[in-house]
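Okay, so here's the structure we're looking at.
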Amino acid sequence: MFSPLIPGLFPQSGEDPAVVVETSPERPLLDGSWRVSILVDHPNPDEVNVSPPDLPSSITFAQVRKETRLIRTTPEEGTRWTLVEFLFVPQRTGTISLGAFEVSIPGKRVFTRALRTYVVTQEGGREEYHPRLSWESYPPSIKIGESVELTLRIIDWDPDKTLAHPAFQETAPADALLEELPLSKADLDQGLVLRLRLTPLEGTRVSLDPFSLRFNTLSLEAPAISIRLNPPGAAAAPGPAPVDRSGTEEPAPLASGPAPANLAFPETPLKVFPLFRKAYGETLDKARTQWLRGEYSGALGELRRGERDLLAGPALVVLRRAAETALGLTETEDEKWQPLGFSLGLVVISFFLLILVIWRFFYRNRKRNKVTSLSLWGFRIVLLTLLAILGWGIMDLGKIGGISRNGALQSAVLHACEAYRVPDTNGAVSARWREGQPVKVRTVGKLQPSPAANLWAYAESPGGDAGWVHQDNIIFY
């Protein structure tokens with residue numbers, strides 16, 4: 001199956017090179033092979049470079065080869081083209097989509113069309129469709145009073161069936177206006193099934209809970225979404241660019257939607273040592289205030305900071321776990337208790353004890369003019385113990401606010417968001433996280449050379465998921 005990239009198969013000098021794409025077989029077998037052959041109108045294979053797109057998890061790369069091929073323009077004449085052939089192995093049945101391949105030669109660069117195939121378990125297998133709903137890209141934050149247009153698309157719909165406009169009967173979220181916008185036949189032909197205009201009136205976040213739409217006898221659920229709100233005078237965070245989903249594999253619907261509104265703060269009173277009650281109470285009050293305002297991630301960040309830094313930190317563990325359970329968080333870990341006040345006190349006390357022991361040892365032995373082996377060994381043991389305690393305290397003081405001395409590891413919690421394999425919303429989604437998910441930020445976006453990357457950071461969750469997230473979704477603690 002050949003597909004030329006541009007109408008002119010044999011371009012004139014100075015134009016972009018002609019590119020022809022061939023895929024075979026038309027319906028590859030599961031764990032078989034799927035060949036993508038790209039013919040480029042350039043005679044020197046060493047000057048032709050073809051870069052594949054990011055591969056979905058449903059397909060793996062096997063090999064690539066490059067050679068020249070004679071393309072005859074007449075029975076007597078022909079031109080030499082370069083053939084670049086990729087071999088892939090499908091890992092699951094159903095529809096598999098690949099993005100565009102990038103073809104470059106000296107001074108020129110073009111892109112192929114997106115590719116799509118259907119994998120079957122045996123020869124002659126009948127194609128099956130598994131439709132689902134997915135929201136188009138929307139900004140991570142908007143200003144209060146500002147409207148945002150939300151578009152819902154149906155994925156993997158059987159093209160032989162007529163797609164009708166479903167009835168939308170959901171109510172608007174609290175403190176927001178919701179208006180359904182009309183759809184044209186062209187929109188339905190492109191798979192768009194719902195367009196809404198959402199206008200928040202107040203609050204810190206506006207959310208749409210999951211809802212169902214009926215398509216004849218089929219009922220599909222739209223995933224939940226959540227958008228952070230800025231004050232009317234503040235600038236909204238830059239939103240992601242619209243994504244062309246026609247040639248990429250659509251990720252599964254968001255299973256981890258926004259947290260329910262108006263959650264009660266999980267009060268779990270515990271007895272705290274009197275000297276530690278003041279700092280404990282201040283942390284608890286800050287977390288409770290943020291929680292009741294609907295700022296669940298900020299509240300969890302405050303609880304985790306106290307759990308790690310306060311002498312009464314272990315008393316916050318039960319409360320923090322209850323708060324995470326209320327938000328549906330399961331892949332979390334307890335904070336490592338390392339109170340800064342305790343470490344500082346340990347350093348000061350061990351330092352003075354070290355000076356006292358050294359002075360005492362030499363002062364007493366100078367008066368006696370004799371050092372016994374027992375006293376010498378006792379001095380060594382005490383000296384090494386104090387040095388170890390002093391060193392441990394100094395290293396612990398090097399960790400301030402969850403940041404190691406070299407700045408390579410930072411503790412944070414996230415708003416409900418998606419993570420990407422690359423710092424770009426056009427990249428593949430690698431993880432989806434709930435509101436309040438704790439993570440470790442390994443690479444901060446401001447260290448990246450590209451200005452566009454300054455808005456991103458690389459995060460890893462305790463469950464092993466990782467990816468690039470917009471820094472507006474991160475709360476460091």
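Could you check the range 76-115 for strands (runs of 3 or more DSSP E) lying wholly inside it with 1 or more residues that are surrounded by 19 or more Cβ atoms within 10 Å (Cβ to Cβ)? Before the answer, list the steps.
Values: elements: 78-90, 94-98, 102-105, 108-111.
Ranges flagged: 78-90, 94-98, 102-105.
Can you work out which of the residues in the range 319-372 that are surrounded by 13 or more Cβ atoms within 10 Å (Cβ to Cβ), outside any loop (DSSP other than H, G, I, E, B) and within 28 Å of the chain's Cα centre (by Cα) is modelled with the lowest pLDDT?
Across the range 319-372, the extreme among qualifying residues is A326.
For residues in the range 8-24 being of a type in the set (S, T, N, Q) and at pLDDT 50 or above, which is nearest to S104 (Cα to Cα)?
Filtering the range 8-24 for residues of a type in the set (S, T, N, Q) gives 12-13, 23-24.
Filter once more, so that each one left must be at pLDDT 50 or above: 23-24.
Values: T23: 20, S24: 23 Å.
Step by step, filter the range 8-24, then rank; the result is T23.
Here are the criteria: (1) modelled with pLDDT under 85; (2) surrounded by 16 or more Cβ atoms within 10 Å (Cβ to Cβ). Tell me which single one L316 does not satisfy.
L316 satisfies all of (1) modelled with pLDDT under 85; (2) surrounded by 16 or more Cβ atoms within 10 Å (Cβ to Cβ) except (1).
Being free of Cβ contacts under 8 Å to residues at least 24 places away in the same chain and either in the same structural domain as A428 (by TED's automatic domain parsing) or polar (S, T, N, Q) (or both) narrows it down to one residue among S51, S24, S33, S37; which is it?
Only one candidate passes the filter, namely S24.
Report yes if T23 is farther than 27 Å from T95 by Cβ and in contact with a Leu (Cβ under 9 Å, 6 or more places away or on another chain), otherwise no. Can you show your working first?
Numbers: farther than 27 Å from T95 by Cβ: no; in contact with a Leu (Cβ under 9 Å, 6 or more places away or on another chain): yes.
Taking the combined requirement at face value, the residue does not satisfy it.
Which one of these does G402 not meet: (1) at pLDDT 70 or above; (2) crowded, with 17+ Cβ neighbours inside 10 Å; (3) not aromatic (F, W, Y)?
(1)
With (1) at pLDDT 75 or above; (2) surrounded by fewer than 21 Cβ atoms within 10 Å (Cβ to Cβ) as the list, and L409 as the residue in question, which single condition is left unmet?
(1)
Identify all residues within the range 30-74 that are surrounded by fewer than 17 Cβ atoms within 10 Å (Cβ to Cβ), among the aliphatic types (A, V, I, L, M) and out of contact with any Lys or Arg (no Cβ under 8 Å at 6 or more places or on another chain); write none if there are none.
Hits for the range 30-74 are L55, A62, V64.
Quickly run through the range 69-90 and pick out the residues that are modelled with pLDDT of 85 or more and either under 20 Å from S24 (Cβ atoms) or in contact with a Cys (Cβ under 8 Å, 6 or more places away or on another chain) (or both).
Within the range 69-90, R69, W81, T82, L83, V84, E85, F86, L87, F88, V89, P90 meet the criteria.
Among the residues of the range 286-304, which ones are among the aromatic types (F, W, Y) and surrounded by fewer than 24 Cβ atoms within 10 Å (Cβ to Cβ)? Please lay out each step first, then the result.
Of the residues in the range 286-304, the ones among the aromatic types (F, W, Y) are 291, 296.
Within the range 286-304, just W291 meets the criteria.
All but one of (1) closer than 24 Å to I227 by Cα; (2) loosely packed, with under 13 Cβ neighbours inside 10 Å; (3) modelled with pLDDT of 80 or more hold for A164; state the number of the condition that does not hold.
(1)
The values are calculated or read from the model by the stated rules, or taken from the named source; none is laboratory data. Just so it is clear, the structure is predicted and the values come from calculations on it, not from any experiment. A quick note on method: Cβ atoms are made from the backbone with ideal geometry, for glycine too, and the neighbour counts reach across all protein chains shown.
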